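Down below is the structure, laid out as structure tokens.
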Amino acid sequence: MKKRRLKEKVFWMGAIDWDRRLFDSLVPLPDGTSYNAYLVEGSEKTALLDTVDPVMADILMAQLQATPTVDFIVCQHAEQDHSGTIPLVLERFPGAKVITTPKAKTLLMDHLHLAEDSVVTVADGETLSLGDKTLRFVHTPWVHWPETMTTYLEEDRILFSCDFFGAHIASSDLYVTDQGRVYEAAKRYFGEIMMPFRAVIAKNLEKLDSYAVDMIAPSHGQVYDQPAWILEAYRDWVLSPPRNLVVLPFVSMHGSTRAMVDHLAAALVTRDVRVELFNLTVTDIGKLAMALVDAGSIIVGTPTVLAGPHPLAASAAFLANALRPKAQYLSIVGSYGWGGKTVETLAGMIPSLKVEILEPVLCKGMPDQVVFAALDRLADTVAQKHRESGFQ
Ligand code: FEO
């Protein structure tokens, strides 16, 4: 793909990765992704904003072939999918300076072994003149890592946002054309990497309120030429209370836990509580992360394996603990063959979750009417808690 014009002397560059199916060796990418870079040519100086994942460096370097000079490489985020090609760009343009935040400078030196004198740090709100175009750097930490920033191109009112507002989508469309598709991908991405930092992201959103933004140009996915809806979506994910929704990740070995989960799900629906079930043997964890953005309660279903929770359930609990969703209630249901410490072990794995633990339901062997009655009581409790909390 060749460079593409966004505005006069402002271009999309980068690479579309149609094939990639896993990010950070963890996160599924059902729709591929893109690594967007942007070229801003001022009347006096030229800046390249972000680069691409090194696996696709040749594409960016080919796009830059006709560019006579790059004076500044703006690094908005030190993670390698955006910064990893900076060394090659510096080889091609040895006089260029890397512009970034103070925290990113040390990360770039650690991760890419950049020379200290090749990196210039900018303060929050500082500007850089390219002649007839002005870049203003806005520190927006924790829109993945602690060093992240966004860049506002004042004359064209474009916000370059890197991971912030990004979506893992490979598409030949430069601008968002299918809002529903992008909403889902952006929510998934928010859930996977930004959800734990909601308090800081709320401040970042507030900070951006003072900028008139005509276009948001992230470093994954498509450009938002009508950015209002994605800003509103982020406000919802960050600030709105949880929904009247139970997220139920579970695993079952011989059917007992599955029977309990199915009974509980039906009981919750009967009580007007929405449920989303995730069978962990076939779950895309991005979908689970996305559901956790809204969950009012989390209920983990697990059999007992070697005296503890099934490893897949333990992994889901570990993930939920790391993502720190807004959910306010948590419980555990499951079965065991002869004994164990499933509840104690799982409860010990979620110290970061600010949740009230609701009475777990465990049964020996296949569930009977006594167990189903206990699950009905758990559903009663969840419904009551959600009503009292005002979850919609
Ligand atoms: Fe797209 Fe945090 O890197």
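The values are calculated or read from the model by the stated rules, or taken from the named source; none is laboratory data. For clarity, every value in this text was computed on a predicted model and none was experimentally measured. Neighbour counts are summed over all protein chains in view; Cβ atoms, including those assigned to glycine, are modelled from backbone coordinates with ideal geometry.
From SER219, SER172, which residue is under 25 Å from VAL10 (Cα atoms) and out of contact with any Gly (no Cβ under 7 Å at 6 or more places or on another chain)?
Just a single option satisfies the conditions, and that option is SER172.
Could you please tell me which pairs satisfy a Cβ distance under 8 Å, a separation of 6+ or placement on different chains, a first residue in the range 207-221 that is within 27 Å of GLY84 (Cα to Cα), and a second residue that is of a type in the set (S, T, N, Q) and more than 16 Å from the ligand (Cβ to nearest atom)?
Between residues of the range 207-221 that are within 27 Å of GLY84 (Cα to Cα) and residues that are of a type in the set (S, T, N, Q) and more than 16 Å from the ligand (Cβ to nearest atom), the close pairs are GLY221/SER171.
Taking into account only those residues within the range 139-158 that are crowded, with 20+ Cβ neighbours inside 10 Å and away from the ligand (no atom under 16 Å from the Cβ), which is nearest to ILE16 (Cα to Cα)?
Only one residue fits best here, namely ILE158.
Mind checking whether some residue in the range 69-80 is of a type in the set (S, T, N, Q), under 22 Å from ILE16 (Cβ atoms) and touching a helix residue (DSSP H, G or I) at 6+ places or on another chain (Cβ under 6 Å)?
no
Here are some residues: PHE372, PHE391. Which one is among the aromatic types (Phe, Trp, Tyr) and closer than 17 Å to PRO242 by Cβ?
PHE391
With the condition kept exactly as written, say whether any residue in the range 148-162 is out of contact with any strand residue (DSSP E or B) (no Cβ under 8 Å at 6 or more places or on another chain), in contact (Cβ under 8 Å) with a residue 24 or more places away in the chain and assigned by TED's automatic domain parsing to the domain that holds ASN36.
no
What residue, of ASP225, ASP262, ASP236, is touching a strand residue (DSSP E or B) at 6+ places or on another chain (Cβ under 7 Å), among the acidic types (Asp, Glu) and away from the ligand (no atom under 16 Å from the Cβ)?
Within the list ASP225, ASP262, ASP236, the selection yields ASP225.
Would you mind telling me which numbered condition in (1) within 23 Å of GLY32 (Cβ to Cβ); (2) more than 16 Å from the ligand (Cβ to nearest atom); (3) of a type outside the set (Lys, Arg); (4) under 18 Å from the mean Cα position of the chain (by Cα) ASP178 fails?
For ASP178, the exception is condition (4).
What helices (runs of 4 or more DSSP H), lying completely within the range 10-125, carry at least 1 residues that are crowded, with 19+ Cβ neighbours inside 10 Å, at pLDDT 95 or above and more than 12 Å from the ligand (Cβ to nearest atom)?
In the range 10-125, the matching helices (runs of 4 or more DSSP H) lie at 57-63, 86-92, 102-112.
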